[in-house]
Every structure is written in C-alpha cells, then in structure tokens.
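We did not get these values from a lab; they are worked out from the coordinates using the rules stated. Everything numeric in this text was worked out from a predicted model, so none of it was measured. Virtual Cβ from ideal backbone geometry, glycine too; neighbours counted across all protein chains shown.
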Amino acid sequence: MTITNYGVPGAGFSSLQGKSLQQQVDEAGVFDIYILWASTNDYTGNRKVGSYTDYTEFDGYDQEKLTTQAGGINYCIKKIYEINPHATIYFFTSSKAFNEKGGYDPFYAQGMVQYVEMQKKICELHGIPVLDQFILGGYNLYNKDLYYRDPIQMNALGYKKLGELQVSFLAFP
C-alpha cells in the first residue's frame, strides 16, 4: 500500500482559501481510495458555506459557486470521479476549534457546525461515507489543553486520538 498526502497548510475547499483542495485534487493522480478531510480554514477564513447544490447538476455547474465550501467539496468529488470512476471516496468532517465559541459549540447559530452539517449533506447526496470528527472526536473545553497545542491545531496526543477514530471508521465505514 502506498499513501500519498496532498495536504497543504491553510487550504480549504473554497477556491479563495489558500491552495484550495480544488487545486490539490486537480494535481492528484489516479488512486483507488481518496479521503477528503475538511479543514477549519473555510470557517476561520469566513468563506461562505453555500448550498449542497453549489457546483452540481442542480445549478448547471456554476463556477461562481466554487468560492463556497459546498461548491468546492462538490467540485472535488466530481473531479475525483472524472479521474477514476471506480474510486472509493471517504470524507472526514472538520474537527473542533477553540478560537471562539462558534468553533466548538454545536448549537451556536453562526458556528462551524453549519460547515460540518453542509459537509455531511453533500456526502449524503453523493453516497459518500462520512466521519463526523466534530462530534465523535470527543474534544471539548475540559480536555482541549490535553489535545490541542493552540486553539486550532492539535498536538501529537490529539492527532493520535483522532487517528484511532479514523482507522476505526475506515475499517468499518
């Protein structure tokens, strides 16, 4: 097995966010399995969430919608299936961030949970198994100092905890 990581710090699904995942998927080769891992960068970069219909057959693949998180996710999924129609795609949602209440509170009206819910809707639309790391990661105000090196980035113990959850999900999606 060979694992190829195209992750780039600061990236997001929106075309406006760093070296976007759209660009990374454009550069990706043909693989059997792709894992799309949502970042907090679309949220912290104040990129629009968008609608699950952004950049789909429902809006005629409107390229103006590639600036939304939703449009970027739909672009990546479409592009992967163009690269390899037999590919298996898995999706990991954003984890929590502790830079402000909206980054960790699932009931905060304008918080990251809106981004996570949209990520899950898009996966449901395309039949893609999704791991909700925002909820299932188990990170909260009481243990964040154990698992995070700063308000957004996890430390080694945090990534170990998250990695165990991811491996479990991939073994039994």
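Taking a ≥ b ≥ c as the square roots of the Cα gyration tensor eigenvalues, segment 1-96 comes out oblate, since a/c reaches at least 1.5 and a/b does not exceed b/c.
In the chain, the longest principal axis of the Cα atoms and the axis of helix 69-83 are about 50 degrees apart.
Annotation note: chymotrypsin sites (Phe, Trp or Tyr not before Pro) in segment 69-161 located in DSSP loop regions with a Cβ neighbour count of at most 14 within 10 Å are F107, Y108, Y142. Seen from all sides and averaged, what is the projected area of the convex hull of the Cα atoms in segment 21-171, in nm²? Taking a quarter of the hull surface, the average projection is 9.0 nm². Rounded to the nearest 20, the size of the Cβ-charge dipole of the chain about its Cα centre is 440 debye, with Lys and Arg at +1 and Asp and Glu at -1.
Counting beta carbons within 10 Å around each of M154, M118, M1, M112 and listing the fewest first gives the order M1, M154, M118, M112. Listed from fewest to most Cβ neighbours within 10 Å, the set T40, T2 follows the order T2, T40. Residue exposure proxy: L165, L36, L141, ordered by other Cβ atoms within 10 angstrom of their Cβ from fewest to most, comes out as L141, L165, L36. If the segment from A156 to Q63 were pulled out straight at 0.36 nm per residue, it would be longer than the present Cα-Cα gap by 29.7 nm. What's the angle, to the nearest 10 degrees (0 to 90), between helix 112-126's Cα axis and the longest principal axis of the chain? The two axes meet at around 40 degrees. Amide H contacts of L131: F91, F92, T93, each under 5 Å away and 5 or more positions distant or on a separate chain (H built 1.01 Å from N in the peptide plane; Pro and chain starts excluded).
On C-alpha positions alone, give me the angle between the axis of helix 156-171 and the longest principal axis of the chain, in degrees, nearest 10. Around 50 degrees separate the two axes. Full extension of the chain segment joining K101 with F31 gains 21.4 nm, where the gain is 0.36 nm per residue of separation less the Cα-Cα distance.
Couplings 3J(HN,Hα) for segment 5-10, derived from phi with the Karplus relation 6.51 cos²θ - 1.76 cosθ + 1.60 (θ = phi - 60°), are 10, 9, x, 10, x, x Hz, where x marks Gly and Pro.
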